[in-house]
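The values are calculated or read from the model by the stated rules, or taken from the named source; none is laboratory data. Every value quoted in this text rests on a predicted model; they were computed, and no experiment measured them. Cβ placement follows ideal geometry from the backbone for every residue including glycine, while neighbour counts extend to all protein chains displayed. Just so you know, the surface numbers come from the protein's heavy atoms only, side chains and all, with ligands and any DNA or RNA stripped out. Shrake-Rupley method; radii C 1.70, N 1.55, O 1.52, S 1.80 Å.
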Amino acid sequence: MTHYDHLIIGGGMAADAAAHGIREQDQDASIGILGEEPTAPFPRPALSKKLWTDPDFTVENTALDTVGETGATLHPRTRVVSVDPEAHEVTTQGGETIGYGRVLVATGGRPRTLTDLPGGDRVLYYRSLTDYHRLRVLADTRPHVAVVGGGYIGTEIAAAMIGEGCRVTLLHPGDVVGEQMFPAELAARFERLFTDAGVEVRGGAKVAGGREHADGVRLDLESGEQLEADVVVVGLGVEPAGHFLPESVERSEDGGVVVDEHLRTSAADVYAAGDVASYPDPILGRTRVEHVDNATTMGTVAGRIMAGSDETYDHTPMFYSDVLGLGYQAVGTLDASLETFVERVGEGAVAYYLDDEAVRGVLLWDLDEGVEEAKALLARHSRPQDPTDLAGSITGTTTG
């Protein structure tokens with residue numbers, strides 16, 4: 001039976017970071033990486049961002065060299081179906097048993113799917129490098145691309161496809177693209193970016209299912225309407241991929257794998273990091289974050305801890321997006337149902353999100369700086385009686 005001192009389940013950026021973290025602590029320990037995808041770990045944000053928008057970014061010069069830099073043994077196309085913490089063994093879908101000293105769950109999330117619309121040659125639940133290669137081939141024919149979902153993946157892919165000269169229809173269930181995240185005035189500006197670029201935005205559109213056929217894809221909407229497209233890209237978010245773990249491993253309400261400040265789960269020698277992990281953030285409280293800053297930083301710390309470090313994970317992550325010339329960064333909770341105050345800063349803005357007790361999130365709209373100041377503001381765990389008193393909280397900002 002194959003055995004590794006450190007076994008990593010998952011082949012994404014958290015896995016790559018963990019392998020490097022292990023090597024920082026231990027140059028000799030054996031490392032195994034079990035990844036479902038046929039490719040090596042790859043910088044996932046580039047798949048919907050700079051690989052489409054920046055000619056200096058290519059798959060070749062963006063790729064990670066996890067194996068070459070860490071000496072880890074990569075097992076691609078390997079799906080884990082169970083973990084036995086007592087025996088310190090995992091079992092793969094192929095029936096192989098692999099032993100470990102310590103194991104890290106870094107599986108990220110599985111894309112949410114539409115029950116009546118399976119993935120296919122022209123229906124992509126966009127997540128992987130394989131999906132990117134497939135969409136790149138399809139986009140070369142300048143097809144009509146229907147994008148389902150107005151979140152991060154949906155908006156970034158819609159922007160990428162319009163940049164490729166495709167006809168693009170963006171379907172989302174709300175009234176305005178981004179309305180769940182952004183205050184109304186910013187959501188309106190966000191949607192205009194797409195309509196001005198030529199994207200057909202269809203709000204209030206809920207997809208019930210559809211069918212791929214020889215000439216394209218038919219989408220069936222809950223309204224009874226149908227939409228024909230050449231290609232469909234679905235971006236409906238992800239669900240934590242910890243389904244293979246035993247019941248002894250504690251889960252959060254949203255299915256995340258619960259860890260302590262040392263990234264340990266409730267099972268001995270089982271750790272978790274990245275999108276799948278529900279962790280105690282020093283500022284935000286217990287949370288689960290699906291963004292690259294968290295995946296790479298937490299993965300690195302997890303690797304060091306597995307290899308002997310006694311540190312804790314005390315990083316509060318930021319997240320960002322770039323679409324159609326707009327870049328935004330944020331920390332904390334972006335929920336437009338909260339009380340909001342928007343401070344204009346030149347052509348950009350700072351949006352503050354508050355509940356009855358504290359500032360819960362900060363959005364930096366078209367601004368390059370302010371992330372650390374935003375973290376410091378959230379760390380106060382308080383709010384002014386009048387939200388307008390927050391004006392100027394982020395260094396260098398001015399009202400008006």
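Points to keep in mind about this one:
- Ellipsoid fit via the Cα gyration tensor, the chain: semi-axes of 34, 29, 19 Å, each the root of five times an eigenvalue, largest first.
- In the context of the full set of protein chains, region 213-357 has a per residue accessible area of 40 Å² (1.4 Å probe).
- Magnitude of the charge dipole for the chain, about its Cα centre and with charges confined to Cβ atoms of Lys, Arg (+1) and Asp, Glu (-1), is about 760 debye.
- Coordinate range of the alpha-carbon atoms in region 166-263 per principal axis, descending: 49, 41, 25 Å.
- A DSSP coil position with no more than 12 other Cβ atoms inside 10 Å describes the following GluC sites (Glu not before Pro) in region 318-361: Glu347, Glu357.
- Shape category assigned to region 10-69 from the gyration tensor of Cα positions, a/c cut at 1.5: prolate
- Projected-area mean, region 103-176, by convex hull of Cα positions, square nanometres: 6.4
- On the chain, 44 percent of the accessible area sits on carbon and sulfur atoms, based on a 1.4 Å probe.
- Between Arg344 and Arg110, the simple spin-label model (points 7 angstrom out along Cα→Cβ) gives 4.8 nm.
- Annotation for region 205-271: trypsin sites (Lys or Arg not before Pro) lying in DSSP loop with at most 14 further Cβ atoms inside 10 Å of their Cβ are Lys206.
- Relative contact order for region 184-297, counting Cα pairs under 8 Å that sit 6 or more residues apart, in percent: 12
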